[in-house]
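Here's the structure, in structure tokens; my notes come after.
Since every read-out is calculated from the coordinates, none of them should be taken as a lab result. Nothing here was measured: the structure is a model prediction, and the numbers come from that model. When we count neighbours, we look across all protein chains shown, and the Cβ atoms used for this are built from the backbone with ideal geometry, even at glycine.
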Ligand code: SF4
């Protein structure tokens, strides 16, 4: 229908983009420290576009809501208030929406990630551009990525 955004179709395109990224970086590895999900430790966090946020929100709804505070990850350090743990990281130190996690969570932005033989991070720009184009179609007029915590209403 003219003027209507077909979220399902855009989400299918986003999933296809994620699948291509996952293949490209399949031989990268990380120590699963969960540091990248503890934004106070890394000093940064993934930024999400509106289409990525839509996928995250659907995944949260599908699992019945955000993990309850009791099921969320425990702090690793004694400097607890400053870890700023992603509310989607559970007590088993796993992402509770792993299959639907945003672009930034797939591209090893943690410095401890070990590079494989796949393309270097600089090669991601093509995919970033694809993501931006998708986001612009999702939110007409453009979309400014937002920090994940803010997008989730957690700060
Ligand atoms: S969405 Fe998942 S992978 Fe990304 S920061 Fe949160 S818990 Fe970690």
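Once you have the Cα-Cα distance between residue 133 and residue 16, take 0.36 nm times their residue separation minus that, and quote the gain in nm to one decimal.
On the way: separation 117, 0.36 × 117 = 42.12 nm, distance 1.40 nm.
Full extension of this stretch gives 40.7 nm more.
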### Query
What residue among 99, 123, 135 shows peak mean-square fluctuation when the chain is described by a Gaussian network model with Cα springs under 10 Å?
123
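Tell me whether segment 7-151 comes out rounded, prolate or oblate; compute the Cα gyration tensor, take square roots of the eigenvalues as a ≥ b ≥ c, and use a/c under 1.5 as the rounded threshold. Numbers along the way, then the final one.
Numbers: a/c = 1.77, a/b = 1.24, b/c = 1.42.
It is oblate, given that a/c is not under 1.5 and a/b is not larger than b/c.
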### Summary
So the FRET efficiency between residue 6 and residue 154, C-beta based with R0 = 25 Å and rounded to 0.05, is 0.30
#### Entry: GNM result for the chain, Cα springs below 10 Å: residue of 31, 67, 75 fluctuating most strongly
31
### Task
Using only Cα atoms, tell me the angle between helix 50-62 and the longest principal axis of the chain; keep it within 0 to 90° and round to the nearest 10.
60 degrees
### Message
Only counting other Cβ atoms within 10 Å, I'd like 23, 128, 48 sorted with the fewest neighbours first.
### Response
23, 128, 48
